[in-house]
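Structure first, then comments.
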Amino acid sequence: MNAEVKSEMDRAFGSILKQYRNKMDYTQADMAEKLGISEKYVSRVETGIGGISKETLAKYINILGITPNLFYKEFVTNPRVKKEIEVSEKLSELSTEKLEVVLQMAKMIKDLK
């Protein structure tokens, strides 16, 4: 991956992380404490100045309840994958109980001939 694309992805990831951190009413200090990293690192990630490790990204995803697809949607060009991301976004708006219903329906549809 070239440096320009990586930089663009870093900025996009940081923007998403900041947006969801703010939705949860966490400060950068709160986030740093939850992640076990420095507040300076949180700031660098959110501004896209520095990249983010896979481990830290996974922690962010779990703490903020973000689906991983959200990070890649603007970079994906494959039509099927774009549709899967669209479905995933709609599913993320559902309660756990409704997700279970959708899962059961998907299993029934898959078994149709």
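The values are calculated or read from the model by the stated rules, or taken from the named source; none is laboratory data. Model, not experiment: these values are computed from the prediction. Here Cβ is always computed from backbone atoms with ideal geometry, including for glycine, and neighbour counts include all displayed protein chains.
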| If you scan the range 78-107, which residues turn out to be β-branched (Val, Ile, Thr) and under 19 Å from the mean Cα position of the chain (by Cα)? | Val81, Ile85, Val87, Thr96
| task | Identify, by number, the condition in (1) closer than 26 Å to Val5 by Cα; (2) outside any helix (DSSP H, G or I) that Phe71 doesn't meet. | result | (2)
| Does Asp10 count as on the phi > 0 side of the Ramachandran plot and among the acidic types (Asp, Glu)? | no
| field | Selection count, the range 74-83, where residues are in contact with a helix residue (DSSP H, G or I) (Cβ under 8 Å, 6 or more places away or on another chain), among the β-branched types (Val, Ile, Thr) and either more than 20 Å from Lys54 (Cβ to Cβ) or in a helix (DSSP H, G or I) (or both) | value | 0
| query | Within the range 21-68, can you find the residues that are closer than 24 Å to Leu91 by Cβ and in a helix (DSSP H, G or I)? | reply | Arg21, Asn22, Lys23, Lys54, Leu57, Ala58, Lys59, Tyr60, Ile61, Asn62, Ile63, Leu64
| So, of the residues in the range 84-99 that are in a loop (DSSP other than H, G, I, E, B) and hydroxyl-bearing (Ser, Thr, Tyr), which turns out to be farthest from Lys73 (Cα to Cα)? | Ser95
| task | Could you list all residues from the range 45-84 that are at pLDDT 90 or above and crowded, with 16+ Cβ neighbours inside 10 Å? | result | Val45, Glu46, Gly48, Ile52, Thr56, Leu57, Lys59, Tyr60, Ile61, Ile63, Leu64
| request: Could you tell me whether Met108 is of a type in the set (A, V, I, L, M, F, W, C), touching a Phe, Trp or Tyr at 6+ places or on another chain (Cβ under 8 Å) and either in a helix (DSSP H, G or I) or modelled with pLDDT of 90 or more (or both)? | output: no
| message | Quick check on Met9: is it touching a residue at least 24 places away in the same chain (Cβ under 8 Å), more than 21 Å from Glu74 (Cα to Cα) and part of a helix (DSSP H, G or I)? | response | no
| field | Every residue from the range 85-113 that is exposed (fewer than 11 other Cβ atoms within 10 Å of the Cβ) and in contact (Cβ under 8 Å) with a residue 24 or more places away in the chain | value | none
| remark: With criteria (1) among the β-branched types (Val, Ile, Thr); (2) crowded, with 16+ Cβ neighbours inside 10 Å; (3) without any contact (Cβ under 8 Å) to a residue 24 or more places away in the chain, Ile16 comes up short on (3)
